[in-house]
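J.: Can you read through this structure? Questions will come right after.
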Amino acid sequence: MPIPYRGAMPPPQPYRPDPCILELGPDFYDEVSPADFQATTERFFNRRSADEVGLGGLEDSQRARHFGRFEPLPDNLKHPLALRYHGHQFRHYNPELGDGRGFLFAQLRDGCDRLLDLGTKGSGQTPWSRRGDGRLTLKGGLREVLATEMLEALGVNTSKSFALFETGEALWRGDEPSPTRSAVLTRLSHGHIRIGTFQRLAFFRDTDNLAKLVRYCLVHLYGEVATDDRLENAARLFDRVVGATATLAASYLAAGFVHGVLNSDNIAITGESFDYGPWRFTPEWDEAFTAAYFDETGLYAFVRQPEAIHWDVAQLAGSLALLGHVPGLADTLASWGTRFEAAFVTAMLARLGVAERGLKDDRPLVAALVKALQSGGVTIDRLFFDWRRGCDPGGERYGAEPFRALAATLAGRSAPATHPYWSDAEPCSMHIDEVETIWAAIAERDDWSVFEQKIAAVRRMGDAMESGA
């Protein structure tokens, strides 16, 4: 069921297939076949993203064939590809990973000439499924749609949920009441190359393919011209990855988001957030808040996410070092923290809706903002919302000293915004109780209206955030 636009509709782009992944060759992937599902009932179609890659005009039957049965798109990959990778999972190296319930389905260009991937989740077993069934629960697919829509609205660089089809199977899961309904998700991503993709090649000491992968990422994912010097290419790519991942970590905190599983196989080389399992938004600025019940030590807790991503990036540095003495590798890695701080200030001010004045002037404001949030008594969403709608954080609603200090620091900054969203009674949020309410309506009554209304509300908030008005 397509979700309508909110705000101005951008002009549709032409369909531009470009299966560049084939340049890497069969050492990087395995050809696979999609599962033969019992049904293909469309539950979500992201026409906004589809228009960006020339697929918004597909009819219902075409969408079912391509994103429910995975009939190849014209002039694109003839067979789905399960990508190979390794990775650290909760700091333990696992050489038995790879696309176990998903595959790369197609590659294409958007209107900005970015190379984008259409990949799947829940599309069946692959050589990397181990003992898994290769399937996705409908609730899991629904949760990913909600996560990506909310993160996009809050300005986080995230994959887009492209299509969700219910597939008519009954699945058994230990973390959901079972049997439960099944689905297959297609996501639109800026690449599916992970830090773990590089780790796999380093594990096998395959320097030729490592250099080939560096070139692929530099040219096709970052749009740069590669040279014949593999060490120079590696240095340039690593610099881009350090900047992109530092920005990602900062945006997670500004959004109040906890990914839950920041393993090195879940960190895209483009710094784009993807693969949402046990995610949650923390209502308050709770530094120890975790999303995954199995994160018993809090390794990926809310404020430890920058540390986790930085650690993963260090594993990429180690993999690239196998090529030789990569110029400036250690210094670039050391710059991650400085870049994160600058990105964090930018992200927090963007959510406040105030203009930047420079790091020296803006750092005290963000410090006061974090201190106010840490003091409790107000949700993250509420504080940002109230400031944007004209409520003084030093006034009667808050009153405590940290909020008065924040109000004093905000004096003279840009006026709050005037988009109609800021006149609502409550901020749009995506806390776990809301997600469960949306799922309950579907599970108990097959009522998708609550889900559709939530998506529309999130996109309206995103329009308000983006407009700055």
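To keep it simple, each residue is scored yes or no on (1) in contact with a Pro (Cβ under 8 Å, 6 or more places away or on another chain); (2) surrounded by 22 or more Cβ atoms within 10 Å (Cβ to Cβ); (3) within 26 Å of Gly111 (Cα to Cα).
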position	(1), (2), (3)
Thr197	no, yes, no
Ala226	no, no, yes
Glu232	yes, no, no
Arg240	no, no, yes
Leu248	no, yes, yes
His259	no, yes, no
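J.: Please identify the pairs in which a residue from the stretch 405-430 that is under 20 Å from Ala368 (Cβ atoms) has its Cβ atom under 6 Å from the Cβ atom of a residue that is surrounded by fewer than 19 Cβ atoms within 10 Å (Cβ to Cβ) and acidic (Asp, Glu), counting only partners at least 6 apart or on another chain.
T.: Qualifying pairs under 6 Å: Ala407/Asp392.
J.: Which of the following residues is in a loop (DSSP other than H, G, I, E, B), surrounded by fewer than 18 Cβ atoms within 10 Å (Cβ to Cβ) and acidic (Asp, Glu): Asp275, Asp295, Asp286?
T.: Only one candidate passes the filter, namely Asp286.
J.: Answer yes or no as to whether Ala367 is more than 25 Å from the chain's Cα centre (by Cα), surrounded by fewer than 17 Cβ atoms within 10 Å (Cβ to Cβ) and hydrophobic (A, V, I, L, M, F, W, C).
T.: So Ala367 passes the test.
J.: Restricting attention to the stretch 371-430, report how many residues are out of contact with any Leu (no Cβ under 8 Å at 6 or more places or on another chain), charged (D, E, K, R) and assigned to a helix (DSSP H, G or I).
T.: The number of residues fulfilling the criteria is 5.
J.: Another question about this same structure. If a residue has to be part of a helix (DSSP H, G or I) and either at pLDDT below 95 or of a type outside the set (A, V, I, L, M, F, W, C) (or both) to count, how many in the stretch 320-344 make the cut?
T.: Residues flagged as part of a helix (DSSP H, G or I) and either at pLDDT below 95 or of a type outside the set (A, V, I, L, M, F, W, C) (or both) within the stretch 320-344 amount to 6.
J.: Look through Thr126, Thr137, Thr120, Thr148 and report the one residue that is without any contact (Cβ under 8 Å) to a residue 60 or more places away in the chain and either surrounded by fewer than 24 Cβ atoms within 10 Å (Cβ to Cβ) or not aromatic (Phe, Trp, Tyr) (or both).
T.: So the residue among Thr126, Thr137, Thr120, Thr148 that is without any contact (Cβ under 8 Å) to a residue 60 or more places away in the chain and either surrounded by fewer than 24 Cβ atoms within 10 Å (Cβ to Cβ) or not aromatic (Phe, Trp, Tyr) (or both) is Thr137.
J.: Among the listed residues Gly399, Gly358, Gly377, identify the single one that is on the phi > 0 side of the Ramachandran plot and modelled with pLDDT of 90 or more.
T.: When all the criteria are applied, what remains is Gly358.
J.: Another question, then. Within the stretch 168-183, is even one residue crowded, with 24+ Cβ neighbours inside 10 Å and either part of a helix (DSSP H, G or I) or not β-branched (Val, Ile, Thr) (or both)?
T.: Checking the stretch 168-183: at least one residue is crowded, with 24+ Cβ neighbours inside 10 Å and either part of a helix (DSSP H, G or I) or not β-branched (Val, Ile, Thr) (or both).
J.: Condition first: of a type in the set (Asp, Glu) and either at pLDDT below 95 or over 25 Å from the mean Cα position of the chain (by Cα) (or both). Now tell me which residues in the stretch 422-461 satisfy that.
T.: Hits for the stretch 422-461 are Asp424, Glu426, Glu444, Asp446, Asp447.
J.: Still on this structure: Just the residues that are buried (at least 22 other Cβ atoms within 10 Å of the Cβ) and within 21 Å of Leu138 (Cα to Cα), please, taken from the stretch 50-79.
T.: Phe67, Gly68, Phe70
J.: Picking from Gly119, Gly111, which residue would you name as being under 30 Å from Arg351 (Cβ atoms), among the small types (Gly, Ala, Ser) and touching a Phe, Trp or Tyr at 6+ places or on another chain (Cβ under 8 Å)?
T.: Going through Gly119, Gly111 in turn, just one is under 30 Å from Arg351 (Cβ atoms), among the small types (Gly, Ala, Ser) and touching a Phe, Trp or Tyr at 6+ places or on another chain (Cβ under 8 Å): Gly119.
J.: Regarding the stretch 224-244, can at least one residue be identified that is within 28 Å of Cys428 (Cα to Cα) and in contact with a Phe, Trp or Tyr (Cβ under 6 Å, 6 or more places away or on another chain)?
T.: Within the stretch 224-244, none of the residues are within 28 Å of Cys428 (Cα to Cα) and in contact with a Phe, Trp or Tyr (Cβ under 6 Å, 6 or more places away or on another chain).
J.: Taking Ile442 and the conditions (1) within 17 Å of Ala350 (Cβ to Cβ); (2) crowded, with 16+ Cβ neighbours inside 10 Å, which numbered condition does it fall short on, given that it satisfies the others?
T.: Looking at each condition in turn, Ile442 falls short on (1).
J.: Please verify whether the stretch 197-219 includes one or more residues that are touching a strand residue (DSSP E or B) at 6+ places or on another chain (Cβ under 8 Å) and either among the hydroxyl-bearing types (Ser, Thr, Tyr) or more than 21 Å from Tyr29 (Cα to Cα) (or both).
T.: yes
J.: Also, quick follow-up: Take the stretch 303-342 and flag every residue that is of a type in the set (A, V, I, L, M) and under 19 Å from Ala249 (Cβ atoms).
T.: If the condition is that a residue be of a type in the set (A, V, I, L, M) and under 19 Å from Ala249 (Cβ atoms), then Val303, Ala308, Ile309, Val313, Ala314, Leu316, Ala317, Leu333, Ala334, Ala342 are the ones that fit.
The values are calculated or read from the model by the stated rules, or taken from the named source; none is laboratory data. Not measured: the values here are computed from a predicted model. Cβ sites come from the backbone with ideal geometry, for glycine too, and all protein chains shown count toward neighbours.
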